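Okay, structure first, notes after.
The values are calculated or read from the model by the stated rules, or taken from the named source; none is laboratory data. All values derive from a computational prediction rather than experimental measurement. Cβ atoms come from the backbone with ideal geometry, glycine included; neighbour counts cover every protein chain shown.
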């Protein structure tokens, strides 16, 4: 099963926790510091048919609001992510392991 | 869970078993020299292209992640300080390799390939006059001593962040007391003269972000414990203290390189050659001071560490007659920091442009093994 890491602003924690509260086995919240010293919220998430729509919603909202969102898989940042292709990209990542 | 986090967030390789055992001993010694204020984070060793030691929390569990590649990078920079010739070129080779590896992690194989190739070119130029690393055994011993102190510094620095979280109020008072003593020492030393350095420090402190005291405390805790433990393990005191100061300077260099890598990533979509050139040359200022303009906070932290180590060192019994620390630290700027921060962009400017990046990116896309190719160039896959 594929896993990805989603990096968000720490201020988004409460809202994202509420949105993902029914997925305790598929998503873990991890707190760490970014290289610039800012605290970052990271989500370690399994990719499956249940999580992909919810994660895509969170990603799309942040992209549209110009907020910090970075996706990594196996340490590689996923480039070319946009509000229009988020579900497609996550679906590809779920397959490509 | 921690293993899954590391495998997802970083490009990893297996750490060396013997070093994992050594790091566990380091960590136990650090804990033994710390005031116990609760259960300590679990140590987790990785080897990743992030070169990053971090304190992370997953649920109720805290982990101190130490990265063997960080220690390996310290060792390389220490080796460069003692190179027989070509230290500036070797530093630029290291910096280009660092940026290449980071750009690859950012998914930019074309720009990553450019920096990986640049690293090879700098290295070949340095080696044109013979092997720069043909060093006597005595120097190798010094390098190991410095690296041990530096790895201890980083681990202790991260553990300090954990202590801060548990005992912020007391530790804040304690570090403020030491900062005031430092400012008082400077004022006394400058009595009757221009006290501009202290004014500079005070202005920096006034504008510092909220977590600045925490960083100063972590530096202080890390430097004092690292120098003490390394010295007790047989590393001469001058190496133990110089190692801690250099570790701080190396980490600052990595910060400059992170800014360079992210700036190049942002620049890689620019297609106009003139705008590209102008923006690339402007990176010289960005690398040094960053958009946040906080280089003087780093300068304050470095000078504070040196003051605290001098103070502690004077109180410690030592038989060290050979004190090469200050010279080593002073030479680092000339051999590494200035060639990287002030000269690297100028050296690359002539060969880097949007057309070069586009050609490299197309070439990498045409190959199915673009990532593997860059890994071979940087030496990551060896």
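Among the residues of segment B:127-143 satisfying the criterion of being over 17 Å from the mean Cα position of the chain (by Cα) and in a helix (DSSP H, G or I), which is farthest from residue B:226 (Cα to Cα)?
Here is the first cut: in segment B:127-143, the ones over 17 Å from the mean Cα position of the chain (by Cα) are B:127-142.
Within this subset, residues satisfying the condition of being in a helix (DSSP H, G or I) are B:127, B:137-142.
On the way: B:127: 34, B:137: 24, B:138: 22, B:139: 20, B:140: 20, B:141: 17, B:142: 16 Å.
Filtering segment B:127-143 for residues that are over 17 Å from the mean Cα position of the chain (by Cα) and in a helix (DSSP H, G or I), the one farthest from residue B:226 (Cα to Cα) comes out as B:127.
So in segment A:67-95, with the set limited to residues that are away from every other protein chain (no Cβ under 14 Å), in contact with a helix residue (DSSP H, G or I) (Cβ under 8 Å, 6 or more places away or on another chain) and not in a helix (DSSP H, G or I), which one is surrounded by the most Cβ atoms within 10 Å (Cβ to Cβ)?
Filtering first and then ranking leaves A:69.
How about segment B:116-140: which of its residues are out of contact with any helix residue (DSSP H, G or I) (no Cβ under 6 Å at 6 or more places or on another chain) and either farther than 28 Å from residue B:381 by Cα or buried (at least 24 other Cβ atoms within 10 Å of the Cβ) (or both)?
Residues satisfying the conditions are B:136, B:137, B:138, B:139.
Does residue B:160 count as within 30 Å of residue B:75 (Cα to Cα) and within 14 Å of chain A (Cβ to nearest Cβ)? Outline the logic, then answer.
Working: within 30 Å of residue B:75 (Cα to Cα): yes; within 14 Å of chain A (Cβ to nearest Cβ): yes.
Against the criterion (within 30 Å of residue B:75 (Cα to Cα) and within 14 Å of chain A (Cβ to nearest Cβ)), residue B:160 qualifies.
Run residue B:68 past the list (1) over 29 Å from residue B:170 (Cβ atoms); (2) free of Cβ contacts under 8 Å to residues at least 40 places away in the same chain and report the number of the one that doesn't hold.
Answer for residue B:68: the failing condition is (2).
Of the residues B:63, B:23, which single one is farther than 19 Å from residue B:143 by Cα and touching a helix residue (DSSP H, G or I) at 6+ places or on another chain (Cβ under 9 Å)?
Numbers: B:23 fails: farther than 19 Å from residue B:143 by Cα.
Being farther than 19 Å from residue B:143 by Cα and touching a helix residue (DSSP H, G or I) at 6+ places or on another chain (Cβ under 9 Å) holds for just one of B:63, B:23, which is B:63.
Working carefully through the options B:104, B:108, B:70, B:64, find the one that is within 22 Å of residue A:74 (Cα to Cα) and touching a strand residue (DSSP E or B) at 6+ places or on another chain (Cβ under 6 Å).
On the way: B:104 fails: touching a strand residue (DSSP E or B) at 6+ places or on another chain (Cβ under 6 Å); B:108 fails: touching a strand residue (DSSP E or B) at 6+ places or on another chain (Cβ under 6 Å); B:70 fails: touching a strand residue (DSSP E or B) at 6+ places or on another chain (Cβ under 6 Å).
The match here is B:64.
Give the number of residues within segment B:58-75 that are more than 10 Å from every other protein chain (Cβ to nearest Cβ) and buried (at least 18 other Cβ atoms within 10 Å of the Cβ).
Final tally of qualifying residues: 9.
Do we have residue A:45 as modelled with pLDDT under 90 and either in a strand (DSSP E or B) or buried (at least 19 other Cβ atoms within 10 Å of the Cβ) (or both) here? Give the steps one after another, and end with the answer.
Working: modelled with pLDDT under 90: no; either in a strand (DSSP E or B) or buried (at least 19 other Cβ atoms within 10 Å of the Cβ) (or both): yes.
No: the conditions fail for residue A:45.
So which residues in segment B:165-213 are in a helix (DSSP H, G or I), within 14 Å of chain A (Cβ to nearest Cβ) and closer than 23 Å to residue B:294 by Cα? Show your work before the answer.
First, pick out the residues of segment B:165-213 that are in a helix (DSSP H, G or I): B:165-166, B:168-189, B:196-206, B:212-213.
With the extra rule that they be within 14 Å of chain A (Cβ to nearest Cβ), the set shrinks to B:165, B:212-213.
Hits for segment B:165-213 are B:212, B:213.
With the structure loaded, tell me whether residue A:60 is touching a helix residue (DSSP H, G or I) at 6+ places or on another chain (Cβ under 8 Å), buried (at least 18 other Cβ atoms within 10 Å of the Cβ), more than 14 Å from chain B (Cβ to nearest Cβ) and not in a loop (DSSP other than H, G, I, E, B) or whether it fails that test. First the steps, then the outcome.
Working: touching a helix residue (DSSP H, G or I) at 6+ places or on another chain (Cβ under 8 Å): yes; buried (at least 18 other Cβ atoms within 10 Å of the Cβ): yes; more than 14 Å from chain B (Cβ to nearest Cβ): yes; not in a loop (DSSP other than H, G, I, E, B): yes.
Answer is yes for this residue.
So residue A:8 ticks every box in (1) crowded, with 19+ Cβ neighbours inside 10 Å; (2) within 12 Å of chain B (Cβ to nearest Cβ) but one. Which box is left unticked?
(2)
For residue B:45, state whether it is farther than 17 Å from residue B:243 by Cβ, surrounded by 16 or more Cβ atoms within 10 Å (Cβ to Cβ) and away from chain A (no Cβ under 12 Å).
Details: farther than 17 Å from residue B:243 by Cβ: yes; surrounded by 16 or more Cβ atoms within 10 Å (Cβ to Cβ): yes; away from chain A (no Cβ under 12 Å): yes.
When the stated conditions are applied, residue B:45 passes them.
If you take the residues of segment B:7-26 that are free of Cβ contacts under 8 Å to residues at least 12 places away in the same chain and away from every other protein chain (no Cβ under 14 Å), which of them is surrounded by the most Cβ atoms within 10 Å (Cβ to Cβ)?
Applying the filter and picking the extreme gives B:22.
Does residue B:4 fit the bill of being surrounded by fewer than 19 Cβ atoms within 10 Å (Cβ to Cβ), within 7 Å of chain A (Cβ to nearest Cβ) and free of Cβ contacts under 8 Å to residues at least 40 places away in the same chain? Talk me through it step by step, then tell me what you get.
On the way: surrounded by fewer than 19 Cβ atoms within 10 Å (Cβ to Cβ): yes; within 7 Å of chain A (Cβ to nearest Cβ): yes; free of Cβ contacts under 8 Å to residues at least 40 places away in the same chain: yes.
It is true that residue B:4 is surrounded by fewer than 19 Cβ atoms within 10 Å (Cβ to Cβ), within 7 Å of chain A (Cβ to nearest Cβ) and free of Cβ contacts under 8 Å to residues at least 40 places away in the same chain.
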